[in-house]
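**Q** Sharing a structure, written as structure tokens. Questions coming.
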Amino acid sequence: MGLKEMLFGGAEAKLNKHIARAKNKDAQSADRFASLDALKQDGSERAIEGLLARFTIRYDKSIEDEQEKEFVHDSLVRMGAKVLGPLQKHLRNADSIAWGLKVLVGVTPSKSEERWTVLADLCERNDNSYVRDPSKKVQLLHHLGDEEDARASAALVPYLEDIDGDVRFTAVESLLKLRNAEVAREPLLKLLTNEKEESRRIKTRIVEGFADLGWDVKGATGTVEKLVGDLLPGARVDGNGRIKKKVA
């Protein structure tokens, strides 16, 4: 074996060792930190993938777990746009994506095509079809509710028809948070007046949201009037079609 082969073989073996230890939840936190720092210093695509893998495990000691993930987040954000390729792969394949989405925010400008390309891909891969565990979709929808991009509201609307109640509720919450009446008012009103929607929590949240935002219910006033008193005791629909809460 030549010198060059020995050197590169040794470097690769070390990198593999650090990648494995970085996501080993049975290792000591100090040892994982050492490997995470080594991956940060390496900065190669494989090292970035190794750092992202740390987000896929949860350490029993919550303080150390949070500290390690914060370290990985900060390290990746400082690397900038070079992490986008591995990051998109991570977001596609990981079961939990909350930390990866935080990294995405840190390495892409708000409303940018770079960020939206990744988010649109996630929405397409995690659409409103049935899944056994909807937690990844819930994380995605929570994130969309924090996006300033107008495309986020349109992306959320299809999830109002998701079979899972938690997904539908999160879509409602995020749409109300974004305050985009032009996109969200009619779909939310349709869900509120849909007799097949059995979730009282969802319908109550829509009524509260319309009242807080001052959105009118024109086009469904009669149906909403019948619902409001039960869902939000003391509330009413005024002459302008707006829901008014009971004055304390």
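Since every read-out is calculated from the coordinates, none of them should be taken as a lab result. From a predicted model like this one, the values you see are computed outputs, not experimental measurements. Quick reminder, even Gly has a Cβ in these numbers, built from the backbone with ideal geometry, and neighbours come from all protein chains shown.
**Q** What is the distance, in nm, between label points placed 7 Å from the Cα along the Cα-to-Cβ direction at residue 245 and at residue 37?
**A** Label-label distance for residue 245 and residue 37, simple model: 5.0 nm.
**Q** Then there's this: Assuming 0.36 nm per residue, please report the length gained on full extension of the stretch residue 117 to residue 27 beyond their Cα-Cα distance.
**A** Between residue 117 and residue 27, full extension yields 28.8 nm more.
**Q** Mind giving me the nanometre distance, one decimal, between the label points for residue 82 and residue 70, set 7 Å out from Cα along Cα→Cβ?
**A** Those two pseudo-labels are separated by 2.5 nm.
**Q** Now a separate question. Could you calculate the FRET efficiency of residue 201 with residue 58 from 1/(1 + (r/R0)^6), where r is the beta carbon distance between them and R0 is 30 Å, rounded to 0.05?
**A** Plugging the Cβ-Cβ distance into 1/(1 + (r/R0)^6) gives 0.60.
**Q** Please give the net charge around residue 83, taking every other residue with its beta carbon less than 11 angstrom from that of residue 83, where Lys and Arg add +1 and Asp and Glu add -1.
**A** Taking every Cβ under 11 Å from that of residue 83, the sum is +1.
**Q** Please check: in the Gaussian network model of the chain (C-alpha springs, under 10 Å), which one of 17, 61, 177 has the largest mean-square fluctuation.
**A** 61
**Q** Going Cα to Cα from residue 137, which lysines come in below 27 Å? Please leave out same-chain ones fewer than 8 positions away.
**A** Reachable lysines: 23, 25, 61, 69, 82, 89, 102, 111, 177, 190, 196, 203.
**Q** Apply the a/c threshold of 1.5 to the C-alpha gyration tensor of segment 44-139 and tell me whether it is rounded, prolate or oblate.
**A** Verdict is oblate for segment 44-139.
**Q** While we're looking at this one, here's another question. What shape does segment 151-213 have by the C-alpha gyration tensor, where a ≥ b ≥ c are the square roots of the eigenvalues, rounded means a/c under 1.5, and otherwise prolate means a/b greater than b/c and oblate the rest? Please report the intermediate quantities before stating the final value.
**A** Numbers: a/c = 1.61, a/b = 1.20, b/c = 1.34.
Here segment 151-213 falls in the oblate category.
**Q** Right, here's the next one. Using a Gaussian network model of the chain with C-alpha springs under 10 Å, which one of 44, 112, 174 is most mobile by mean-square fluctuation?
**A** Of 44, 112, 174, the Gaussian network model singles out 112 as fluctuating most.
**Q** With the Cα gyration tensor of segment 122-178 in hand, convert its eigenvalues to equivalent ellipsoid semi-axes via √(5λ) and list them largest first in whole Å.
**A** They are 17, 11, 9 Å, listed from largest to smallest.
**Q** Apply the a/c threshold of 1.5 to the C-alpha gyration tensor of segment 1-107 and tell me whether it is rounded, prolate or oblate.
**A** oblate
**Q** Hey, another quick one. When only Cα pairs under 8 Å and 6 or more residues apart are kept, what is the percent relative contact order across the chain?
**A** Computed over the chain, the figure is 10 percent.
**Q** Okay, moving on. Report the residue, chosen from 206, 19, 163, that carries the largest GNM mean-square fluctuation when the chain is represented by alpha-carbon nodes joined by springs under 10 Å.
**A** The residue with the greatest mean-square fluctuation here is 163.
**Q** Can you tell me the length gained on complete extension of the stretch residue 236 to residue 208, counting 0.36 nm per residue apart and subtracting the Cα distance? Walk me through the intermediate numbers first.
**A** Numbers: separation 28, 0.36 × 28 = 10.08 nm, distance 1.15 nm.
Fully extending the segment from residue 236 to residue 208 adds 8.9 nm.
**Q** So, one more: Where does the charge balance sit around residue 57 when Lys and Arg score +1, Asp and Glu -1, over other residues with C-beta under 9 Å from its C-beta?
**A** Net charge in that neighbourhood comes out at +3.
**Q** Sticking with this one: Which residues among segment 179-202 fall inside the zone where the amide N is under 16 Å from a point 7 Å beyond the Cα of residue 226, along Cα→Cβ?
**A** 190-198
**Q** So what is the relative contact order for segment 172-248, in percent, with contacts set as C-alpha pairs under 8 Å and at least six apart?
**A** 26 percent
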